[in-house]
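S.K.: Mind looking over this structure? Questions follow.
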Amino acid sequence: MHSIFQPNTPILVSAAPLSILRAEGSVRAGFPSPAEDFAVSRLDIGALLVKHPQATYLLRVAGPSMREFGIDDGDLVAVDRALQARHGCIVVAVIEGEFTVKKLFKAAGMVKLKAGNPTYPDITPKEGQSLEIWGVVTSCIKIFA
């Protein structure tokens, strides 16, 4: 499948509204409930996912290093560069010129990037190694079909 969203290529999110139909109510993920008539309204996906349009980018994830945090190979992540990264945030970082998505660990003056897959090592920057927290991941978009 061809896509304009390639790994390591940030795409600025458009500020134009993108609305889709939204059924009022919820769908059960456990036991089914009786069918109901749902009211229909429009939902602006951009307003739901993007708080800072001029600072929010989409990146396609390549690899399984974040699967235990719900981010899989091929997913799109929305990354907000206007947000301040804090301990525990999932971030996009640039290490030696390469993008990576990891969970930020900051404590006692130490910075570490934690993988969400035990087969991948955590990243602790070495002295002299460049590390930039590029932005905070605010959502993950999965395409099933």
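The values are calculated or read from the model by the stated rules, or taken from the named source; none is laboratory data. The structure presented is a predicted model; accordingly, all values stated were derived computationally and were not measured. Quick reminder, even Gly has a Cβ in these numbers, built from the backbone with ideal geometry, and neighbours come from all protein chains shown. Just the protein is used for accessible areas: all its heavy atoms, side chains included, with ligands, DNA and RNA removed. Shrake-Rupley method; radii C 1.70, N 1.55, O 1.52, S 1.80 Å.
Per-residue answers, yes or no, for (1) surrounded by 16 or more Cβ atoms within 10 Å (Cβ to Cβ); (2) more than 17 Å from residue 138 (Cα to Cα); (3) more than 12 Å from the chain's Cα centre (by Cα):
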site	(1), (2), (3)
42	no, yes, yes
45	no, no, yes
49	yes, no, no
68	no, no, yes
75	yes, no, no
87	no, no, yes
96	no, yes, yes
106	no, yes, yes
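S.K.: Separate question: Looking only at residues in the stretch 56-66 that are under 11 Å from the mean Cα position of the chain (by Cα) and in a loop (DSSP other than H, G, I, E, B), which one is modelled with the lowest pLDDT?
M.R.: Here the residue is 61.
S.K.: Would you check if residue 122 is touching a residue at least 60 places away in the same chain (Cβ under 8 Å) and acidic (Asp, Glu)?
M.R.: No; evaluated as a whole, the condition is false for this residue.
S.K.: Please indicate, with yes or no, whether at least one residue in the stretch 113-121 is touching a helix residue (DSSP H, G or I) at 6+ places or on another chain (Cβ under 6 Å), of a type in the set (S, T, N, Q) and closer than 15 Å to residue 79 by Cα.
M.R.: Scanning the stretch 113-121 turns up no residue that is touching a helix residue (DSSP H, G or I) at 6+ places or on another chain (Cβ under 6 Å), of a type in the set (S, T, N, Q) and closer than 15 Å to residue 79 by Cα.
S.K.: Of all residues in the stretch 48-92, count the ones that are touching a Leu at 6+ places or on another chain (Cβ under 9 Å) and not β-branched (Val, Ile, Thr).
M.R.: Within the stretch 48-92, residues that are touching a Leu at 6+ places or on another chain (Cβ under 9 Å) and not β-branched (Val, Ile, Thr) number 16.
S.K.: Please tell me if residue 141 is open to solvent by less than 80 Å² (accessible area, probe 1.4 Å), touching a residue at least 12 places away in the same chain (Cβ under 8 Å) and touching an Asp or Glu at 6+ places or on another chain (Cβ under 7 Å).
M.R.: Spelling it out, residue 141 is indeed open to solvent by less than 80 Å² (accessible area, probe 1.4 Å), touching a residue at least 12 places away in the same chain (Cβ under 8 Å) and touching an Asp or Glu at 6+ places or on another chain (Cβ under 7 Å).
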